[in-house]
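J.: The following block contains the structure, expressed as structure tokens.
Each value in this text was obtained by applying a stated rule to the coordinates, not by laboratory testing. Keep in mind it's a predicted model, so treat the numbers as computed, not measured. FYI the Cβ positions are ideal-geometry reconstructions off the backbone, even for glycines, and counts take in every protein chain you see.
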Amino acid sequence: MKPRIYAIMLFALGGSLLLAMRLYALQVEERSARSTQASRQYGKGSFLQGQRGTLYDRRGKELAVSVQGKRVYPRGSLASHVLGFVGRDGQGLEGIEYYYDRHLQGKGSRIAAIRDARGEWIYSPRGAQEGDEAQGKAITLTLDEVVQHIVEEELAAQVVRLEAKGGMALVLDPFSGEILAMAVYPSFDPNAYRHVKPRTWRNRAIADSVEPGSTFKIIPLAAALEEGLSSLQEQIDGEGGALVLSRSITLRDVHPHRGLSLEGVIAHSSNIGTVKVSRRLGQEKLYRYTRLFGFGNRTGIELPGEAGGLLRPPEKWSKVSLEFLAIGQEIGVTPLQLAAAYAVIANGGLLLKPRIVKALAPPGSPEGNIAPHPVRRVLSPATCAQLTRALKRVVVEGTGTRAALEGYEAAGKTGTAQKMSLRPGSSGERYVASFVGFVPAERPQAVILVMIDEPRGAHQGGAVAAPVFREVARRALRYWQRVH
Amino acid sequence: MRSTWFLLGGLLCWTLSLFLYLQPRLWRLEWGYRLAELHQQVIEREEENRGLIAQRARLRAIRRIERIAREELGMALPQEGQVILIRKKHP
């Protein structure tokens, strides 16, 4: 019997020894590798993707919402160039979505949890480990859905009617710099942004530099008034409609005048009158005032891809650059810069930084509000009052009569700029027609800019852009009467 | 006899200790499942809420309302002359 017991004992001992060795190997030698493997298997801690913050208009209407990890733009193409869009990986690719991507995107959170054998989650009582930045934060824009809709509708109707290449329009509060509407046509649906060509995504209201033409004339004339070099009543000789600038260049007025007051020069958009007054300023002052109005610099709007425009310093000017700059040529401005410059006249002389973000928070939140940002004083209130008087005359009897609306006085300026042709052999008969102004002329509620790119048929700002200004102003004022 | 009582007492203590040790762990497991389930429900409700907000925003979109007003209800914006502006007289 004894040997059999010994054999069993030996066998048991041997087995125990083997088991102990295996345990040692698993628990001690391979400990870290095994525990990593185990925690991977258990799925210790579950990561929850943070929800992207909602985008609101100034009245709390949702413009972009995240649902099941997908970005939804419930109002379709409305304000698409401002909102931008989000890529498949949840990264903002254009517009506000891009500019404030980090603010909008939540960092996500980690939950203390493991998976059981069936793969079900078991949370630890410690629960969600959420930080302040787990969820994305909301943004309230300065845009107003209704005004934006009005602007987009009127702009699109005119572009289609005139078979134009496109158009841009802006509505700005001159006393706060808040952009109430920013529209570019053609627009696109950010829910299906891939269905259009990438060039359609471009926010041309801030990214394109265009030659402003006659809308720019107000800058040198404002400078001349501010510097006391002229007055609204001063009679200026019209030179019979032709002024020789150099041997090969003669400046002409569309409607020749023998003589006009400075007010008449603005009202009838006289090239010759503007040039004659601007010459008194000289290169340095003209350049200085152009810079003071914000041209040649980015406005600093919270949107990606803003252009600073094109403005050469006087040392790079030719002999006729002063004259050409005075009538809005040899300069590139963005529509936003031009609207901000007219806001200076509308608000009594202050250049304000244009803003598209009202608050980095949901509407009504006491935190995150962004205050108006005055950049500098450009003109005295007295000069602004004189300019407003002249701009009112543009609408009453000058080049912008089609901007006149019933019940309100409007002030503004027309512009028609011929586009430079880069393609050899092309006719060059391409224009940008514009109108920029403010309503009501006294205590303005809005600066409105309209630019129509390459209209067919009529191409003057007064015929093409002024009617859009009128319709936008008429509908927006009626809306504001109800909501204010 | 005394040793039997000791044995029974020891066994009871051991059972009690085992119960006290295991029960909180079982509760914790149970609540862990419940917590996970509730958390999932919260996520689902939040998603549903966001979906409803998006749907409400889509339905309230001014472009849609205007289209319905024009095309389905035959309404039109008042033209110039159809609106009479009455100015307040300031004392």
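J.: Using mean Cβ contacts within 10 Å as the protection proxy, how do A:164-175, A:198-209, A:332-343 order, highest first?
T.: Working: A:164-175: 24.5, A:198-209: 18.6, A:332-343: 27.1.
Per-residue Cβ counts within 10 Å, averaged per peptide and sorted highest first, yield A:332-343, A:164-175, A:198-209.
J.: Using the structure shown, select from A:137/A:358; A:70/A:107; A:197/A:358; A:107/A:353 the pairs with a Cα to Cα distance greater than 21 angstrom.
T.: Working: A:137/A:358 14 Å; A:70/A:107 16 Å; A:197/A:358 30 Å; A:107/A:353 31 Å.
Distance filter (> 21 Å) returns A:197/A:358; A:107/A:353.
J.: While we're here: Over all directions, average the projected area of the Cα convex hull of chain A and note it in nm². Walk me through the numbers before you get to the answer.
T.: Details: hull surface 137.9 nm².
That works out to 34.5 nm².
J.: With θ set to phi - 60° and the Karplus curve 6.51 cos²θ - 1.76 cosθ + 1.60, what are the ³J(HN,Hα) couplings of segment A:204-218 in order, to the nearest whole Hz, using x for Gly and Pro?
T.: Result, rounded to whole Hz: 5, 5, 10, 9, 9, 9, 10, 6, x, x, 5, 4, 7, 4, 5.
J.: By its C-alpha gyration tensor, with a ≥ b ≥ c as the square roots of the eigenvalues, how is segment A:355-425 shaped: rounded for a/c under 1.5, else prolate for a/b larger than b/c, else oblate?
T.: Details: a/c = 2.10, a/b = 1.40, b/c = 1.50.
It is oblate, given that a/c is not under 1.5 and a/b is not larger than b/c.
J.: Net charge within 10 Å of residue A:349 by Cβ-Cβ distance, Lys/Arg positive one each and Asp/Glu negative one each, not counting residue A:349 itself? Let's see the in-between values first.
T.: Details: positive: A:376, A:377; negative: A:226.
Once all neighbours under 10 Å are counted, the net charge is +1.
J.: Right, here's the next one. What is the order of A:419, A:217, B:88, fewest Cβ neighbours within 10 Å to most?
T.: Numbers: A:419 16, A:217 26, B:88 5.
With the fewest neighbours first, A:419, A:217, B:88 line up as B:88, A:419, A:217.
J.: In Å and whole numbers, how far do the C-alpha atoms of segment A:304-457 stretch along each principal axis, longest first?
T.: For segment A:304-457, the Cα extents along the three principal axes come out at 59, 39, 34 Å.
J.: Another question about this same structure. With a 10 Å Cβ neighbour count serving as the proxy for reagent exposure, in which order, fewest first, do A:160, A:72 appear?
T.: Numbers: A:160 12, A:72 21.
Least to most surrounded, the residues fall as A:160, A:72.
J.: Can you give me the angle between helix B:2-60 and the longest principal axis of chain B, using Cα atoms only, in degrees from 0 to 90, rounded to the nearest 10?
T.: Between the helix axis and the principal axis of chain B, the angle is about 10 degrees.
J.: Something else: If you bin every alpha carbon distance in segment A:311-363 into 5 Å steps from zero, what whole percent lands in each bin?
T.: 4, 16, 17, 15, 18, 14, 6, 4, 3, 2, 1
J.: For residue A:137, list long-range residues whose amide hydrogen, built 1.01 Å from N in the peptide plane, is under 5 Å from its own amide hydrogen.
T.: The list, which skips near neighbours in sequence, is A:53, A:104, A:105.
J.: Let me ask another. Could the peptides A:310-317, A:285-292, A:458-465 be put in order, highest first, of the mean number of other beta-carbon atoms found within 10 Å of their residues? Walk me through the numbers on the way to the answer.
T.: Working: A:310-317: 12.8, A:285-292: 19.2, A:458-465: 24.8.
The most tightly packed comes first, giving A:458-465, A:285-292, A:310-317.
J.: On to the next question. Could you state the principal axis extents of the C-alpha atoms in segment A:1-84, from the largest down, to the nearest angstrom?
T.: 96, 23, 18
J.: Continuing with this model, one more query. Let's test this: bin the Cα-Cα distances of segment A:368-484 at 5 Å from zero up to the farthest pair and state each bin's percent.
T.: 2, 11, 18, 18, 15, 15, 10, 6, 4, 1, 0
J.: Separate question: Could you give me the ³J(HN,Hα) list for segment A:135-149, computed from phi with Karplus coefficients 6.51, -1.76, 1.60 and θ = phi - 60°, whole Hz, x at Gly and Pro?
T.: So the J values, rounded to whole Hz, are 9, x, 9, 7, 9, 9, 8, 7, 4, 10, 3, 5, 5, 4, 5.
J.: Which value in deg cm²/dmol, rounded to the nearest 500, describes the helix-derived mean residue ellipticity at 222 nm for chain A, given -39,500 (n - 2.57) per DSSP H run of n ≥ 4 and division by the residue count?
T.: Values: 15 runs with 164 residues, N = 484.
The helix contribution divided over chain A gives -10000 deg cm²/dmol.
J.: Under a Cβ-Cβ cut-off of 13 Å, what is the net charge of the residues other than residue A:72 that fall near it, where Lys and Arg count +1 and Asp and Glu count -1? Mind showing how you got there, number by number?
T.: On the way: positive: A:52, A:70, A:71, A:75, B:50, B:56, B:58; negative: A:62, A:97, A:189, B:47.
With Lys, Arg at +1 and Asp, Glu at -1, the neighbours total +3.
J.: Then there's this: Taking each pair of different alpha-carbon atoms in segment A:127-242 once, compute 1/r for the pair, average those values, and report the inverse of that mean as the Kirkwood hydrodynamic radius in Å to one decimal. Don't jump to the answer; show the numbers that get you there.
T.: Numbers: mean 1/r = 0.0530 Å⁻¹.
Computed over Cα pairs of segment A:127-242, the Kirkwood hydrodynamic radius comes out at 18.9 Å.
J.: Now a separate question. Calculate log10 I(q)/I(0) of segment A:283-341 for q = 0.15, 0.22 Å⁻¹, where I(q) comes from the Debye formula with a single equal point scatterer on each Cα and nothing for solvent.
T.: -0.42, -0.84
J.: Counting other beta carbons within 10 Å of each residue's own, what order do A:278, A:321 fall into, fewest first? Numbers along the way, then the final one.
T.: Details: A:278 26, A:321 18.
Going from least to most buried by this count: A:321, A:278.
J.: For chain B, place one equal point scatterer on every Cα, skip the solvent, and apply the Debye formula. What is log10 of I(q)/I(0) at q = 0.15, 0.21 Å⁻¹?
T.: Computed log10 I(q)/I(0) values: -0.88, -1.05.
J.: Ok, one more. What size of dipole, in debye to the nearest 20, comes out for chain B about its Cα centre when the only charges are +1 on Lys and Arg C-beta atoms and -1 on Asp and Glu C-beta atoms?
T.: Working: 16 positive and 10 negative charges, 106 e Å.
The dipole of chain B has a size of about 520 debye.
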